[in-house]
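Peer 1: I have a structure I would like to understand better, so I am pasting it below and will then ask my questions one at a time.
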Amino acid sequence: MLGMGLTLTPPDLKRIIERPRDVLIGSLAQWTIMPITAYLLVQAFNLPTEIGIGIILLGAAPGGTSSNVMTYLGKGDVALSIAITSLTTIVAPIVMPAWVFFLVGTQIQVTFVEMFQEILFIVLLPVVAGLTIRQLLERKAPTTAKASLAAFPSISVIAIVAIVAAVVGLNADNILTVSAVALAAMIIHNTIGLASGYTIGYTAKMPEDRIRACTFEVGLQNSGLATALAITFFSPLAALLPALFSVWMLIVGPTLATYFAHQTDRKQKSQSNTEPTMTD
């Protein structure tokens, strides 16, 4: 999250105010569709309590830097993607525990305040610190700032890989016994998110690049945060699906981004072929 904060700038946050319509549409879609879908899948597939809590945490999580990267690769509106990620991350300390307690509050022992404080420490403070550090470095040591921006994304990736590896290790005895139904629920959850994001962007008459940003923002959650909260408040088993989602989105995300990019290239090529030449 500190690395994510270092990638942000004041203009990124300013876009939330400058482009409120599309930012709010994407954020509201993520805040509502993903947690509700997660709960309905838990009920439909009758998932065990801990597995169910894991997928609900995933559904209630904000967007992550992965959605920004996939939007960039898919030739979408990166600025909109970053703005939605920023807003959902800032509000995460309230939205995440609110959904968790509304959907499974009777099955857990942790309090709203405890989860609020943990998300505040895990998410908001590191992001604000990263944003502040970047501004200071760019003013006082531009060369160091440039090197940090190049290094921190890699450090963040290593951290996420370490978290996923730890969760997989803790669940070594459970991975083979996790039913295909639970994995199917995770994949269906992600598919509904991506499809809903695209449909909502299209229905709202956004330009194609913004539709793609909305698609990735709704469909790709901050699985690292969901995994960390599951470990902190529940159990390694509750963290299993969020951790496996980190792997899954590295498959489906680039695949969809490549498809979008090819669509753009094909459209541009078609337009260049139909443009009149000088002899015409």
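The values are calculated or read from the model by the stated rules, or taken from the named source; none is laboratory data. Since this is a predicted model, take the numbers as computed values, not measurements. With ideal geometry, Cβ positions are generated from the backbone for all residues, glycine too; neighbour counts draw on all protein chains shown. These area figures cover heavy atoms from the full protein model, side chains too; ligands, DNA and RNA do not enter into them. Shrake-Rupley method; radii C 1.70, N 1.55, O 1.52, S 1.80 Å.
Peer 1: For region 2-21, check the following and say yes or no: at least one residue is under 22 Å from P126 (Cα atoms), out of contact with any Leu (no Cβ under 9 Å at 6 or more places or on another chain), among the β-branched types (V, I, T) and modelled with pLDDT under 90.
Peer 2: no
Peer 1: Looking for whichever is open to solvent by less than 60 Å² (accessible area, probe 1.4 Å) and at pLDDT 85 or above here; the options are A261, A243. Which one fits?
Peer 2: Values: A243 fails: at pLDDT 85 or above.
One residue alone meets the criteria, A261.
Peer 1: One residue is enough: does region 158-174 have a residue meeting the conditions surrounded by 20 or more Cβ atoms within 10 Å (Cβ to Cβ) and among the small types (G, A, S)?
Peer 2: Checked region 158-174: no residue is surrounded by 20 or more Cβ atoms within 10 Å (Cβ to Cβ) and among the small types (G, A, S).
Peer 1: Among the residues of region 156-165, is there at least one that is modelled with pLDDT of 75 or more and in contact with a Ser or Thr (Cβ under 7 Å, 6 or more places away or on another chain)?
Peer 2: No, the conditions are met nowhere in region 156-165.
Peer 1: I need every pair where a residue in region 258-270 that is under 13 Å from T71 (Cα atoms) has its Cβ under 7 Å from the Cβ of a residue that is in a helix (DSSP H, G or I), sequence separation at least 6 or different chains.
Peer 2: Partner pairs satisfying both residue conditions: F260/R212; A261/L73.
Peer 1: Output the number of the condition that R266 fails; it satisfies all remaining conditions of (1) within 29 Å of P93 (Cα to Cα); (2) at pLDDT below 95.
Peer 2: Failing condition for R266: (1).
Peer 1: To continue, here is another question. Inspect all residues belonging to region 122-134 and state whether any of them is modelled with pLDDT of 80 or more, in a helix (DSSP H, G or I), touching a Pro at 6+ places or on another chain (Cβ under 7 Å) and closer than 17 Å to T7 by Cβ.
Peer 2: No; the residues of region 122-134 include none that is modelled with pLDDT of 80 or more, in a helix (DSSP H, G or I), touching a Pro at 6+ places or on another chain (Cβ under 7 Å) and closer than 17 Å to T7 by Cβ.
Peer 1: Which of the residues belonging to region 81-122 are touching a Ser or Thr at 6+ places or on another chain (Cβ under 7 Å) and under 18 Å from L58 (Cβ atoms)?
Peer 2: Step one: list which residues in region 81-122 are touching a Ser or Thr at 6+ places or on another chain (Cβ under 7 Å), which gives 81, 84-85, 87-88, 107, 118.
I84, T85, T88, Q107, E118, listed by residue number.
Peer 1: Here's a follow-up. If we keep just the residues of region 191-240 that are of a type in the set (S, T, N, Q) and more than 17 Å from V69 (Cα to Cα), which is surrounded by the fewest Cβ atoms within 10 Å (Cβ to Cβ)?
Peer 2: Among residues in region 191-240 that are of a type in the set (S, T, N, Q) and more than 17 Å from V69 (Cα to Cα), the one surrounded by the fewest Cβ atoms within 10 Å (Cβ to Cβ) is T203.
Peer 1: Please state which one of Q109, Q117 is open to solvent by 40 Å² or more (accessible area, probe 1.4 Å), among the polar types (S, T, N, Q) and part of a helix (DSSP H, G or I). Spell out how you get there, then give the answer.
Peer 2: Numbers: Q109 fails: part of a helix (DSSP H, G or I).
None of the others qualify; the one that does is Q117.
Peer 1: Name the residue, out of M206, M186, that is touching a residue at least 40 places away in the same chain (Cβ under 8 Å), out of contact with any strand residue (DSSP E or B) (no Cβ under 8 Å at 6 or more places or on another chain), farther than 24 Å from L124 by Cα and not in a helix (DSSP H, G or I). Spell out the reasoning first.
Peer 2: On the way: M186 fails: not in a helix (DSSP H, G or I).
The unique qualifying residue is M206.
Peer 1: Something else about it: List the number of the failed condition for R266; all other conditions in (1) open to solvent by 10 Å² or more (accessible area, probe 1.4 Å); (2) of a type in the set (D, E, K, R); (3) closer than 23 Å to A83 by Cβ hold.
Peer 2: (3)
Conditions (1) assigned to a loop (DSSP other than H, G, I, E, B); (2) out of contact with any strand residue (DSSP E or B) (no Cβ under 8 Å at 6 or more places or on another chain); (3) surrounded by 20 or more Cβ atoms within 10 Å (Cβ to Cβ), marked per residue:
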{"site": "L24", "(1), (2), (3)": "no, yes, no"}
{"site": "L28", "(1), (2), (3)": "no, yes, no"}
{"site": "Y39", "(1), (2), (3)": "no, yes, no"}
{"site": "V42", "(1), (2), (3)": "no, yes, yes"}
{"site": "L47", "(1), (2), (3)": "yes, yes, yes"}
{"site": "I51", "(1), (2), (3)": "no, yes, yes"}
{"site": "G54", "(1), (2), (3)": "no, yes, yes"}
{"site": "V69", "(1), (2), (3)": "no, yes, no"}
